[in-house]
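These notes are about the structure you will find just below.
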Amino acid sequence: MELTHFNDQGFARMVDVSEKIVTKRTAIASCKVVMKPETLDRIKTGKIKKGDVLAVAQVAGVMAAKKTSDLIPMCHPLALTSVDIVFDTEKIENTIYLEATVSTHGVTGVEMEALTAASATALTIYDMCKAIDKEMVITDIQLEYKTGGKSGDFRRGEGQ
């Protein structure tokens, strides 16, 4: 596979997507935030002094998805049609598992927007809880699924 983010002189460039066809594109990224059991319990029971951790983290994830092109140099600014962050505090012991789903109708994918949303969500959880648990670990930030575009669909674990 050819890398497309380099010009003829070997310098970085933003890929020209002007000839690509508009399609519906969706990406899902996931992440885990591992913490002490008492930290997770305080999050669930609303006993974190900075406020509702998951609500604030969810808003941070949405905001980050919308600002991805400001953070990642070669990303195109996109008009996102949907961003959603969901949490599961029961799936893995002492862990907040989260998924960020991002969609658009456009000429380039939203994988980076989903990964950025997941990352910012996890970082916000850390920020809001670091006073009581500096040993939290953010792990497994990864693309789970993407659809749309020339490269087709991807689903983690399907050997693509």
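Each value in this text was obtained by applying a stated rule to the coordinates, not by laboratory testing. Source: prediction; values computed, not measured. So basically every Cβ, Gly included, is an ideal-geometry build from the backbone, and we count neighbours across all protein chains shown.
Points worth noting:
- Count - residues of the range 60-107 that are more than 25 Å from E38 (Cα to Cα) and in a helix (DSSP H, G or I): 9
- Given (1) within 20 Å of A117 (Cβ to Cβ); (2) surrounded by 14 or more Cβ atoms within 10 Å (Cβ to Cβ); (3) in contact (Cβ under 8 Å) with a residue 40 or more places away in the chain, number of the condition M74 does not satisfy: (2)
- The residues of the range 108-118 that are among the hydroxyl-bearing types (S, T, Y) and either free of Cβ contacts under 8 Å to residues at least 24 places away in the same chain or part of a helix (DSSP H, G or I) (or both) amount to a single one, T116.
- Filtered by the rule that a residue be in contact (Cβ under 8 Å) with a residue 40 or more places away in the chain, farther than 26 Å from H5 by Cα and in contact with a Ser or Thr (Cβ under 9 Å, 6 or more places away or on another chain), the range 83-107 gives T89, N94, T95, I96, Y97, L98, E99.
- In the set E135, E99, only one residue is of a type in the set (D, E), surrounded by fewer than 17 Cβ atoms within 10 Å (Cβ to Cβ) and on the phi < 0 side of the Ramachandran plot; that residue is E135.
- Within the range 119-141, if we keep just the residues that are among the hydrophobic types (A, V, I, L, M, F, W, C) and part of a strand (DSSP E or B), the residue that is nearest to A57 (Cα to Cα) turns out to be I138.
- Of everything in the range 112-146 that is among the acidic types (D, E) and more than 8 Å from the chain's Cα centre (by Cα), the residue that is nearest to I85 (Cα to Cα) is E144.
Here is a yes/no grid of residues against (1) crowded, with 18+ Cβ neighbours inside 10 Å; (2) in contact with a strand residue (DSSP E or B) (Cβ under 8 Å, 6 or more places away or on another chain); (3) not β-branched (V, I, T):
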site	(1), (2), (3)
V53	yes, no, no
D70	no, no, yes
D88	no, yes, yes
K91	no, yes, yes
E113	yes, yes, yes
K150	no, no, yes
D153	no, yes, yes
